[in-house]
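The values are calculated or read from the model by the stated rules, or taken from the named source; none is laboratory data. Everything numeric in this text was worked out from a predicted model, so none of it was measured. Cβ atoms come from the backbone with ideal geometry, glycine included; neighbour counts cover every protein chain shown.
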């Protein structure tokens with residue numbers, strides 16, 4: 001088996017065109033190769049996680065001002081604190097499957113929040 005974090009995530013299947021009895025050396029080599037696959041898969045997953053996090057942080061930095069302004073707008077309009085105002089944006093974002101920055105821009109443009117939440 002090929003494992004990640006102690007759980008089997010796949011298998012290494014080895015075939016030959018002719019009949020062959022695998023000896024201990026063959027089996028050790030296949031297990032070593034499975035270990036290499038585990039390392040490569042683990043590294044790829046870690047890179048993917050870090051890349052996704054970097055994208056999220058970049059987005060947050062690029063849209064920070066719009067998000068902060070819309071939070072302030074919701075605080076003034078609805079009498080909310082900052083945490084509650086951001087929660088309104090976050091719920092509207094999730095409910096509409098749009099990014100928080102897009103929803104925040106809509107609030108500042110005077111458009112209703114998704115789900116009829118108003119501005």
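Laid out as a table, the results:
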item	result
Condition check for residue 66: in contact (Cβ under 8 Å) with a residue 12 or more places away in the chain, part of a helix (DSSP H, G or I), surrounded by 10 or more Cβ atoms within 10 Å (Cβ to Cβ) and touching a helix residue (DSSP H, G or I) at 6+ places or on another chain (Cβ under 7 Å)	yes
Set 6, 42, 95: member being touching a residue at least 12 places away in the same chain (Cβ under 8 Å) and farther than 30 Å from residue 107 by Cβ	42
From the options 89, 12, 80, 74, residue that is part of a loop (DSSP other than H, G, I, E, B), modelled with pLDDT of 95 or more and either in contact with a helix residue (DSSP H, G or I) (Cβ under 6 Å, 6 or more places away or on another chain) or surrounded by 11 or more Cβ atoms within 10 Å (Cβ to Cβ) (or both)	80
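Every residue, every condition in (1) in a loop (DSSP other than H, G, I, E, B); (2) surrounded by 10 or more Cβ atoms within 10 Å (Cβ to Cβ); (3) within 35 Å of the chain's Cα centre (by Cα), yes or no:
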site	(1), (2), (3)
16	yes, no, no
27	no, yes, no
37	no, yes, yes
42	no, yes, yes
46	no, yes, yes
